[in-house]
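Take a look at the structure set out below.
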Amino acid sequence: MRKAARGSSEAERGRAVLSLGILAFRWVSLGWMVILALTAGELRRPALAVATIAGLAAWTGWLTVARPRPTWPVLACDLALAVGLNLVAGLVMPAGTVGERPFFAAGYPVAAAVTWGAARGVGGGVAAGLVLGASLVAGQLANGIDLASSEPAVLLDLAGGTLNFVLAGGAVGLVARLLERSAGQLRQATEETIRARERAARLAERESLGRQIHDSVLQALALVHKRGRELAAGGPVPPDQVAGLAEMAAGQERALRSLILRDPADDGTPAGAASLRAALEGLAGAERSLPVTAGATGALWLPARHVEELVAAVRQALDNVVEHAGATRVALFAEEDAGVVVLTVRDDGRGFRYDERQLLAQGKIGLAKSIKGRVEQLGGTMAVTSRPGAGTEVELRVPIREDERDR
Amino acid sequence: MSGDEKVRVMVVDDHPVWRDGVRADLEASGRVEVVAEAADGGDAIERAREAMPELVLMDLNLPTVPGVEAIRRIVEESPHVKVLVLSASAEEADVLEAVKVGASGYLLKSATAAELVDAVVRVRAGEPTFSPSLAALVLGEFRRMSGTTEPGLTARETEVLRLVAKGYTYKEIADQLFLSTKTVQNHVQNILTKLQLSRRYELMRYAIRRGLDRS
Ligand SMILES: Nc1ncnc2c1ncn2[C@@H]1O[C@H](COP(=O)(O)OP(=O)(O)OP(=O)(O)O)[C@@H](O)[C@H]1O
Ligand SMILES: [Mg+2]
């Protein structure tokens, strides 16, 4: 949360620097006004000049101490004072001198244009600049200059002054907007980082949930599973009852295992990815007539449909081992190599000579249809390596397209 | 296995029920003597020092000191001690880590009592019990590491490892590749050594990187 505020605080800091700069500018202008007033020789209305400077000093002092937010009343007051200052300049300076000699108002009115720009953007800055330009005209009139009969130079001066105000206000407005925008971008980037981090935290939470289940439930289930099997093998308890218990425990264990190993990206939806290794471990744990090991080079996240089909094919192969092989053990092994998943079911049984045509002629469809057919539907191939006396290896190869995996 | 001497085993697991069960299984075989039990990693390091078991049978999910760290310390202090990991599920990363720091093999907790006793006896005899599923994990690990500077596997070693993963015994592999069983065992031992070396390289690289960052 602290991080979330960073983008906006960045903008805040930028704005603070800007307003400090403007304040400094105000004080320098004020000082310059005092110097000019003291050195300019006689002023037409000294009392008004002193009162004006005092008033401005009070206003600037308040701005410095209170640091008010640039609300409309504050902005309006500031602009009104600047306009007033331009008028007063016309009133206090010797008649007809506004155009030629250093201006009594000095740079102070520019601060108003700049403040408007900072607070209200380019539009605000330009508008304030125009108002100040108009007040310049009023100041000239107050100074007793007849604009209608003035030389073009005076009018050009006036236009130049107005342009200065407008440019200052507009430029600062632009800077303020840019500052705001980049702060916004920073904030957005920060928010994205936070979202990513929250996601990672959620995943970690899931993982720890999985670990907890692993630590408690899985351990207990593994124990019941194991004890149940052994009791069924020769305990005084009715064996079928204990076997049922073991079965149930094994089922629970499998369910929990697949819950732990499920793709964290898919939250329980059946569509999506599944871990081939988890599925093979489930199969191995479920086989009751001989020991089956399951291994893989990784979790092997594949499209759920691929895993389903492969599991069905492996189940058929296991049935064959149980039925025909007379094996002492079976190993399931899966690896992924250059976009191809290779799954082998290997037993150490009696082996046989694989002849597809002969098997089909005898109406045996387990290998040819249930296994090979399934794999071919996935665009893959099946190979049987077996010799009488040397066990059997059934190898399934299925290509995995990256775009499918990432669904 | 030499003579009739029982294998001196220490059982480490935080679940007392589980420890009792394992002890009963091991002792019922008549080939194993449980000389100590420990309920957490720190305990395990200490008791291994006192009871001097030949083999430590341990889970990886342990309180206080994590299993992998406990294995590292135990093997460091007494290199002749064998460690067999007995884990509730093939938590790839943990199991690999355990083997890298010196565990000789791992077994799933759903293994039968006979499988457990058999593994204990074989590990004590110095046979690296590369179960098919562990071989599969190791194969995956080397594949992930390939291209880095770690010592990779030779083509022959990869072939042997894949056959172990497919459930072939050393004898069957020897027959298939026209090698002696001893040669196959050597290959397996070399694979293990490279795996443990890879961890040392990892640590070294890490240390170097840290050092460079500092300077
Ligand atoms: N693992 C194996 N070990 C030894 N022989 C096998 C093995 N798998 C298959 N066979 C042989 O191959 C034959 C064909 O197997 P297949 O699964 O196609 O048919 P089936 O099992 O006889 O009948 P079903 O159609 O019920 O599966 C089997 O009858 C058996 O002789
Ligand atoms: Mg069949």
Query raised in the report: Once a ≥ b ≥ c are taken as the square roots of the eigenvalues of the Cα gyration tensor of segment A:328-407, is the result rounded (a/c under 1.5), prolate (a/b larger than b/c) or oblate (a/b not larger than b/c)?
Result: oblate
Requested in this report: With a Förster radius of 22 Å, plug the Cβ-Cβ distance of B:Thr112 and B:Ala24 into 1/(1 + (r/R0)^6) and report the FRET value to the nearest 0.05.
Outcome: 0.95
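Please tell me the relative contact order of segment B:43-129 in percent, rounded to the nearest whole number, where contacts are Cα pairs under 8 Å and at least six residues apart.
27
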Report task. Starting at the first residue of segment B:184-194, write each ³J(HN,Hα) from the Karplus equation 6.51 cos²θ - 1.76 cosθ + 1.60 with θ = phi - 60°, in whole Hz, x for Gly and Pro. Result -> 4, 4, 4, 4, 4, 4, 4, 4, 4, 4, 5
Requested in this report: Count, for each residue of A:320-331, the Cβ atoms from other chains sitting within 10 Å of its Cβ, then give me the mean as a whole number.
Outcome: 1
Query raised in the report: What ranking, highest mean first, results for peptides B:188-195, A:341-348, A:310-317, A:145-152 when packing means the other Cβ atoms within 10 Å averaged over each residue?
Result: A:341-348, A:310-317, B:188-195, A:145-152
Query - Spherically averaged projected area in nm², based on the convex hull that wraps the Cα atoms of segment A:273-404 - result: 7.5
Report task. Using a Förster distance of 56 angstrom, determine the FRET efficiency expected from the C-beta separation of B:Asn190 and A:Gln188, and round it to 0.05. Result -> 0.55
Query raised in the report: For segment A:40-130, rounded, prolate or oblate, judged on the Cα gyration tensor with a ≥ b ≥ c (square roots of eigenvalues), a/c < 1.5 rounded, else prolate if a/b > b/c?
Result: oblate
Query raised in the report: With the dipole of segment A:2-188 worked out from charges on the C-beta (+1 for Lys and Arg, -1 for Asp and Glu) around the Cα centre, which of A:Pro46, A:Leu75, A:Ala128 lies farthest toward the positive end?
Result: A:Leu75
Query raised in the report: How high is the FRET efficiency from A:Gln362 to A:Leu290, r the C-beta distance, R0 30 Å, rounded to 0.05?
Result: 0.75
**Report entry** Euclidean distance of C-alpha centroids, segment A:310-353 and segment A:106-134, integer Å
**Finding:** 83
Report summary line: Two pseudo-spin positions, 7 Å from Cα along C-beta at A:Val50 and at B:Arg144, lie apart in nanometres by 8.6
Report summary line: Cα-Cα longer than 24 Å, checked against B:Lys82/B:Lys109; B:Lys6/B:Lys166; B:Lys82/B:Lys194; B:Lys6/B:Lys109; B:Lys109/B:Lys171, kept in input order, equals B:Lys6/B:Lys166; B:Lys109/B:Lys171
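Peptides A:113-124, A:30-41: what's the order by average Cβ count within 10 Å, highest mean first? Intermediate values should be presented prior to the final figure.
Details: A:113-124: 23.8, A:30-41: 14.7.
So the peptides A:113-124, A:30-41, ranked by packing, come out A:113-124, A:30-41.
Given the C-alpha atoms of segment A:2-188, compute the convex hull and give its volume per residue in Å³.
104
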Query raised in the report: Taking 0.36 nm per residue of separation and subtracting the Cα-Cα distance, what length does fully extending A:Ala24 through A:Trp62 add?
Result: 12.3 nm
Query raised in the report: Residue by residue, what Karplus-based ³J(HN,Hα) values in Hz, rounded to whole numbers, does segment A:314-325 have, using 6.51, -1.76 and 1.60 with θ = phi - 60° and x for Gly and Pro?
Result: 5, 4, 4, 5, 5, 4, 4, 4, 4, 6, 10, 7
Query - Spin-label model distance (nm) - A:Leu178 vs A:Glu308, 7 Å beyond Cα toward Cβ - result: 5.8
Report summary line: Simple SL model, points at 7 angstrom along Cα→Cβ for A:Tyr354 and B:Glu77; separation in nm is 5.2
Report summary line: Along segment A:111-123, Karplus-curve 3J(HN,Hα) (6.51, -1.76, 1.60; θ = phi - 60°) to the nearest Hz, with x for Gly and Pro, reads 4, 5, 4, 5, 4, 4, x, 4, 7, 10, x, 4, x
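Across peptide B:130-141, what mean number of C-beta atoms from other chains lies inside 10 Å of a residue's C-beta?
Going residue by residue through B:130-141 and averaging, the value is 6.
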Report summary line: Per-residue accessible area, 1.4 Å probe, largest first, puts A:Leu283, A:Leu18 in the order A:Leu18, A:Leu283
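The values are calculated or read from the model by the stated rules, or taken from the named source; none is laboratory data. Note that the coordinates shown come from a computational prediction; the quantities given were computed from them, not determined experimentally. Neighbour counts are summed over all protein chains in view; Cβ atoms, including those assigned to glycine, are modelled from backbone coordinates with ideal geometry. The accessibility values were calculated without ligands, DNA or RNA, using every heavy atom of the protein model including side chains. Shrake-Rupley method; radii C 1.70, N 1.55, O 1.52, S 1.80 Å.
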